[in-house]
């Protein structure tokens, strides 16, 4: 717990609405008003980056973004990023440093994917880069009932990664 508190304090992390802690570390001053068919309701920075800290017993609730998000592993335990693709397929990406176990340092969640994350033990410190830049207006937290109706085959995952 001391390591987690030190990271929260040293990196000046704040509670994130989807779960975990974050701090925006970069926001490009260039603005874009649209990109590759993405329906942006306001001008966005061309890219943004955050630190994101996930702790044991917490999770990032299932949500969707209008943009691609690149995840970067920094330290701690492996982080599982679960995605449900628009075609209904599920993928689990393990961010970490154990290559023998199939973990990777970097992964991309494509725009329109439903996704959430959790750590099995301890904590995971990762980074997330979004282009065009992240704005909370692009963040769609998905209701458990809607997810269960659309994806009953993923009931266990949906129960694990939703708060309602």
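The values are calculated or read from the model by the stated rules, or taken from the named source; none is laboratory data. Just so you know, these numbers come straight off a predicted model, no measurement behind them. In this analysis, Cβ positions are derived from the backbone assuming ideal geometry, glycine residues included, and neighbour counts consider all displayed protein chains.
Results, tabulated for the structure shown:
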| quantity | calculated |
| --- | --- |
| Test result for residue 33, surrounded by fewer than 16 Cβ atoms within 10 Å (Cβ to Cβ), closer than 30 Å to residue 101 by Cα and free of Cβ contacts under 8 Å to residues at least 60 places away in the same chain | no |
| Subset tally (residues that are in a strand (DSSP E or B) and surrounded by 13 or more Cβ atoms within 10 Å (Cβ to Cβ)) for the stretch 81-107 | 12 |
| Matching residues in the stretch 45-84 - criterion: being without any contact (Cβ under 8 Å) to a residue 40 or more places away in the chain and under 16 Å from residue 140 (Cα atoms) | 83 |
| Number of the exception - residue 100 against (1) touching a helix residue (DSSP H, G or I) at 6+ places or on another chain (Cβ under 6 Å); (2) free of Cβ contacts under 8 Å to residues at least 12 places away in the same chain | (1) |
| Selected residue (criterion: surrounded by the most Cβ atoms within 10 Å (Cβ to Cβ)) from residues of the stretch 9-22 that are touching a residue at least 12 places away in the same chain (Cβ under 8 Å), out of contact with any helix residue (DSSP H, G or I) (no Cβ under 9 Å at 6 or more places or on another chain) and under 14 Å from residue 74 (Cβ atoms) | 20 |
| Options 137, 159; residue that is at pLDDT below 95 and not in a loop (DSSP other than H, G, I, E, B) | 137 |
| Counted residues, the stretch 140-152 - those being surrounded by 11 or more Cβ atoms within 10 Å (Cβ to Cβ) and assigned to a helix (DSSP H, G or I) | 6 |
| Selected residue (criterion: farthest from residue 5 (Cα to Cα)) from residues of the stretch 108-122 that are in a strand (DSSP E or B) and in contact with a helix residue (DSSP H, G or I) (Cβ under 9 Å, 6 or more places away or on another chain) | 114 |
| Output for the stretch 124-152, where each listed residue is closer than 14 Å to residue 16 by Cβ and in contact with a strand residue (DSSP E or B) (Cβ under 8 Å, 6 or more places away or on another chain) | 124, 125, 126, 127, 128, 130, 134, 139, 141 |
| For residue 164: the one exception among (1) within 21 Å of residue 95 (Cα to Cα); (2) free of Cβ contacts under 8 Å to residues at least 24 places away in the same chain | (1) |
